[in-house]
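The values are calculated or read from the model by the stated rules, or taken from the named source; none is laboratory data. Everything numeric in this text was worked out from a predicted model, so none of it was measured. Cβ: placed from backbone, ideal geometry, glycine included. Neighbour counts: every protein chain shown. Note: accessible area is taken over every heavy atom of the protein model, side chains too, but ligands, DNA and RNA are not part of it. Shrake-Rupley method; radii C 1.70, N 1.55, O 1.52, S 1.80 Å.
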Amino acid sequence: MPNIDPELLDILVCPVTKMKLVAHGDLLVSTDKATRLAYGFQDGIPDLLTEHSKMLSEQEWNAIMNELGLS
């Protein structure tokens with residue numbers, strides 16, 4: 001996973017839903033269950049362009065939220 005400053009992570013939000021993003025592996029995952037969007041990194045920088053996001057399956061999103069204790 002790219003090394004992301006915790007202070008930066010605290011202020012990052014999903015550009016679509018404005019919900020908090022959480023780091024998981026090499027992704028930043030929106031905590032919004034309805035959209036389940038995930039964003040990657042480009043050269044170590046969060047890539048929050050909506051056209052580069054991907055929608056996680058409900059099962060994958062739930063597993064990540066459970067792993068992070070956010071369910």
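Checking each residue in region 1-22 for being modelled with pLDDT under 95 and open to solvent by less than 50 Å² (accessible area, probe 1.4 Å) picks out Pro2, Ile4, Leu9.
Looking at Leu9, Leu21, which one is closer than 18 Å to Gly69 by Cα and part of a helix (DSSP H, G or I)? Criteria check complete, one pass: Leu9.
One residue stands out among those in region 37-71 that are at pLDDT below 95 and of a type in the set (Gly, Ala, Ser): the one that is most open to solvent (accessible area, probe 1.4 Å), which is Ser71. Only residues that are closer than 13 Å to Leu27 by Cβ, among the charged types (D, E, K, R) and in contact (Cβ under 8 Å) with a residue 12 or more places away in the chain were counted across region 38-59, and they come to 1. Selection over region 6-22 of residues that are under 19 Å from Ala34 (Cβ atoms), among the hydrophobic types (A, V, I, L, M, F, W, C) and in contact with a Leu (Cβ under 8 Å, 6 or more places away or on another chain) gives a count of 6. Being surrounded by 12 or more Cβ atoms within 10 Å (Cβ to Cβ), out of contact with any His (no Cβ under 6 Å at 6 or more places or on another chain) and hydrophobic (A, V, I, L, M, F, W, C): is that true of Ala34 here? So Ala34 does not fit the description; no. Restricting attention to region 26-57, the residues that are within 12 Å of the chain's Cα centre (by Cα) and either among the charged types (D, E, K, R) or in a strand (DSSP E or B) (or both) total 17.
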